[in-house]
Amino acid sequence: MNVYIRGIGTYLPEKIVSNHDLAKQIDTSDEWIWSRTGIRERRIAAEGEHASTMGKRAAEEAIRNAGLSPDDIDLLVVATMTPDFLFPSTAAVLQAQLGLRNVPAFDISAACSGFLYGLEVTRHLLQSGTYRNALLVGTEKLSSVLDWQDRSTCVLFGDGAGAVVLSQGATGIIDVLLAADGSNPDILYMPGGGSRMPATEASVAHRDHFLKMNGREVFKVAVRAMEQSIRDILDRNSININDIRYFIAHQANYRILDALAQRLSVPMEKFPVNVDRVGNTSAASIPLIMKEMVDDGRLKSGDNVVLVAFGAGLTWGTSLLKWKDSREMP
Ligand code: UT7
């Protein structure tokens, strides 16, 4: 059974924080951030906004754009590394906020690869025939886990949400290829707050409840893993790399996109970029840029598109899509 993206929606918080704003608070500069990452500014959630409330805004738009109502949704999957709570799941919270029926709702924890992990799980559940329309939401309030005294990480991330409605019907998602290697989890992680290190005065004083990253290591593995993953998915579907219209990659760093494009010998025009305006929004990253491309007409029915992401875990993945404009659906 074929599964396609029937509607897409996004939400970005209003507050824009530029590199110049950050340079007033920590020892950094617009020049350093721009030249090392390609980021100029990011959005930061307001007081009272969190993963579920941002996800709600994106999801409502996705349902509307799919031409459906909340009653039509029969499965909800949320990808996030910044859930409202450790439990219950953000998906459960969102089920009620959206006024969905009592449909199954659960979270996926795969950090920046979460949207692709969600895509794989959701499409198979739809293909099983049990569900007809699924809502997949990537939503992140990364500002809540950033150490605003650590210039090597806090300048990189932003908040936001993106959502898609996936439905049975047309050809859309052709394949998904996922991978994980957890042998070095501390390359990108948050040490405190889980069952291994519950919150104590010492863990708080030690700033263990914030994201930690070995950026250089992540950079190296990210480029290699994404390149191989793209080559593998194209190989197993017998598609020539030149027949791919766009490589919609997780927006972590412009230099990662550039290195990936070079290794694949693909012109940079095929790698859309919005990291300059939103920073790294983890699980929200791919739907955020896809929505821009739908709105400005870059994505056209029939385009072969590759999605690719990489994140904490380490996890990574790729998906091959045949883009289907839902406005053309009967
Ligand atoms: O979704 C996946 C998430 N993770 C990533 O995408 C991260 C991938 N890694 C990267 O994007 C890059 O490694 C970074 C952007 C994080 C860092 O760039 P880099 O070129 O690898 O820089 P570096 O970490 O090697 O640091 C170079 C210098 C250091 O100073 P010294 O030791 O050479 O004197 C840092 O202290 O830059 C300094 N530095 C900064 N300077 C100004 C680090 N952060 C900053 C900063 N402003 N914000």
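Bear in mind these aren't lab numbers, they're just calculated from the coordinates by the rules spelled out. Values in this document were obtained by computation on a predicted structure and should not be read as measured data. Every residue, glycine among them, receives a Cβ derived from its backbone with ideal geometry; neighbour counts consider all protein chains shown.
As an exercise, find the ratio Rg/Rh for region 177-241 from alpha-carbon atoms, using the Kirkwood inverse-distance average for Rh.
For region 177-241, the value is 1.20.
From the P(r) of the chain, can you give the percent of Cα pairs sitting at distances over 26 Å? Intermediate results must be reported in sequence, preceding the final value.
Values: 23596 of 54285 pairs.
Within the chain, distances greater than 26 Å cover 43 percent of Cα pairs.
Hey, got a sec? Which trypsin sites (Lys or Arg not before Pro) in region 2-71 land in a DSSP loop and have at most 12 other Cβ atoms within 10 Å?
The qualifying sites are K24.
Calculate the all-directions average of the projected area of region 175-324's alpha-carbon convex hull, and give it in nm².
10.1 nm²
Would you mind ranking W32, W323 by Cβ crowding within 10 Å, fewest neighbours first?
Ranking W32, W323 by Cβ neighbours within 10 Å, fewest first, gives W32, W323.
Ranked by Cβ crowding within 10 angstrom, fewest neighbours first, how are F310, F219 ordered?
If I rank by nearby Cβ atoms, fewest first, I get F219, F310.
Please give every one of the lysines within straight-line cross-link reach of K324, meaning a C-alpha to C-alpha distance under 16 Å, and leave out same-chain neighbours fewer than 8 residues apart.
Reachable lysines: K291, K300.
For the pair R64/K15, report the inter-label distance in nm, with labels modelled 7 Å from Cα in the Cβ direction.
Computed distance between label sites R64 and K15 equals 2.5 nm.
For region 1-68, report the % of Cα-Cα distances exceeding 13 Å.
Distances greater than 13 Å cover 72 percent of the Cα pairs.
Please check the chain for the longest run free of GluC sites (Glu not before Pro) that are loop-located per DSSP (anything but H, G, I, E, B) and have at most 16 other Cβ atoms within 10 Å.
For GluC sites (Glu not before Pro) (loop position, at most 16 other Cβ atoms within 10 Å), the longest site-free span of the chain is 48-330.
Leaving out same-chain residues fewer than 8 places away, which lysines sit with a Cα under 20 Å from that of K220?
Correct list for K220: K212.
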